1. Report the full-extension gain for the segment K87 to A54: residue separation times 0.36 nm, less the Cα-Cα distance, to one decimal in nm.
2. When Lys and Arg each count +1 and Asp and Glu each count -1, what net charge do the other residues less than 10 Å away from F28, Cβ to Cβ, add up to?
3. Rounded to whole Hz and in sequence order, give me ³J(HN,Hα) for the stretch 22-32 from the Karplus expression 6.51 cos²θ - 1.76 cosθ + 1.60, θ = phi - 60°, writing x for Gly and Pro.
4. What is the angle, in °, between the Cα long axis of helix 63-78 and the longest principal axis of the Cα atoms in the chain? Nearest 10 is fine, range 0 to 90.
5. Compare the peptides 41-49, 99-107 by average per-residue count of other Cβ atoms within 10 angstrom and give them in order, highest first.
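Each reported figure results from applying straightforward, stated rules to the coordinates on display, with no laboratory input. No experiment lies behind these values; they were computed from the predicted model shown. Counting neighbours? That spans all protein chains shown, and the Cβs are built from the backbone with ideal geometry, glycine included.
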Amino acid sequence: MNTTTATPESAPPVDIRSLKTFAEFYPFYLGEHRNRTCRRLHFVGSTLSLVCLAMLVYTGKPQYFLYGLLVGYGFAWVGHFGFEKNKPASFKRPLYSFMGDWVMYKDLWTGRIPF
């Protein structure tokens, strides 16, 4: 998969059920994240999820796992429903969507996708 040329605007319209590999899914995923505020909310939610993961490791308190899920998906879903005006891909392709979240997070950090 070549993410260096991937941009949120490059995703062609496709049926999500026809995407068999993550390499096929990721351009679709980016197309579902064209709105800059949505991407920023994903970034904040993912960052807070990592903080919760660190707190889980540091304290050993399992509730931080739940907190991580809540902030991660909470921020992302606000971005989708409030700004992107679409349904999150996690409803139909949860594993690929989760993977896409972290690849997009890396792509935002590295500047491959505009923050």
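1. 9.0 nm is the gain from fully extending K87 to A54.
2. -2
3. 5, 4, 6, 6, 4, x, 4, 4, 4, x, 7
4. In the chain, helix 63-78 runs at an angle near 30 degrees to the longest axis.
5. Top of the packing list down: 41-49, 99-107.
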